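Below: one structure, written as structure tokens.
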């Protein structure tokens, strides 16, 4: 795992009030918040950004990273795809956008050559396993791929930033807080969900990871900020342009 790496996760357009209308003011504002958060991570020294390239947040995040490369020349985009052809049934405009992003990415990884019932989950786990930070746009819905990815990242001890899509408030779960909890050293700032009893890992949490219920709203000015600069590590090594992995690396080819 590269310590200067961040993976993205988030809902598809159908889960947002504005659906596929990216010109909606709420969507524009959300993208602005997402851009600002990515810039803060880049300022902190994060150079490797991983996107699962699904419709919605994944594609937005990938485009933002590519758009910031002039300002931050060191940052790189890694596209982690569940299988070949995930875009086959998308609208033509979305497919064009998808291919354009892949051409500009530093590398492209296919978790599976063909679609399987587990390839989406394996893609999500790959993202978390290869990043030290997870940046999520998450509405608190437990039964969702985004919710499952956030919970998996939580169990793996990753640092997590969560942007609520409608209020655009930010929840930050620093890894040092989770590590202390995992060691049994309960902090005075923690509590429990009043609905399911699950431990709440931060006073800034506005929903429960376990049951997905909303706890309270946090004004943007009260949201936790990014942790101070940490020791720099070597960037992720450059791979072939396209890599296939399934039960280990089974083959490679360059574009």
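For the range 155-167, give me each residue that is farther than 13 Å from residue 8 by Cβ and buried (at least 18 other Cβ atoms within 10 Å of the Cβ).
159, 164, 165
For the range 29-71, what are the residues that are out of contact with any helix residue (DSSP H, G or I) (no Cβ under 9 Å at 6 or more places or on another chain), buried (at least 18 other Cβ atoms within 10 Å of the Cβ) and closer than 18 Å to residue 165 by Cα?
Within the range 29-71, 37, 58 qualify.
Could you tell me whether residue 74 is surrounded by fewer than 22 Cβ atoms within 10 Å (Cβ to Cβ), more than 24 Å from residue 148 (Cα to Cα), modelled with pLDDT of 95 or more and under 17 Å from the mean Cα position of the chain (by Cα)? Outline the logic, then answer.
Numbers: surrounded by fewer than 22 Cβ atoms within 10 Å (Cβ to Cβ): yes; more than 24 Å from residue 148 (Cα to Cα): yes; modelled with pLDDT of 95 or more: yes; under 17 Å from the mean Cα position of the chain (by Cα): no.
No.
Provide a single number: the residues in the range 1-28 that are surrounded by fewer than 17 Cβ atoms within 10 Å (Cβ to Cβ), under 15 Å from residue 168 (Cβ atoms) and free of Cβ contacts under 8 Å to residues at least 24 places away in the same chain.
Residues that pass the stated criteria total 4.
Please work out if residue 105 is modelled with pLDDT of 95 or more and in contact with a strand residue (DSSP E or B) (Cβ under 6 Å, 6 or more places away or on another chain).
Taking the combined requirement at face value, the residue satisfies it.
So, in the range 116-173, how many residues would count as being part of a loop (DSSP other than H, G, I, E, B) and on the phi < 0 side of the Ramachandran plot?
Residues meeting the conditions: 17.
For the structure I just gave you, tell me whether residue 124 is free of Cβ contacts under 8 Å to residues at least 12 places away in the same chain and more than 16 Å from residue 38 (Cβ to Cβ).
no
When only residues in the range 89-115 that are in contact with a helix residue (DSSP H, G or I) (Cβ under 8 Å, 6 or more places away or on another chain) and not in a helix (DSSP H, G or I) count, which is surrounded by the most Cβ atoms within 10 Å (Cβ to Cβ)?
Once the filter is applied, the top-ranked residue is 111.
Can residue 125 be described as surrounded by fewer than 20 Cβ atoms within 10 Å (Cβ to Cβ), at pLDDT 95 or above and under 19 Å from residue 42 (Cα atoms)?
Criteria not met by residue 125.
List the number of the failed condition for residue 131; all other conditions in (1) more than 19 Å from residue 170 (Cα to Cα); (2) modelled with pLDDT under 95; (3) buried (at least 20 other Cβ atoms within 10 Å of the Cβ) hold.
All conditions pass for residue 131, except number (2).
The values are calculated or read from the model by the stated rules, or taken from the named source; none is laboratory data. Note that the structure is predicted; figures quoted are calculated from it, not measured. With ideal geometry, Cβ positions are generated from the backbone for all residues, glycine too; neighbour counts draw on all protein chains shown.
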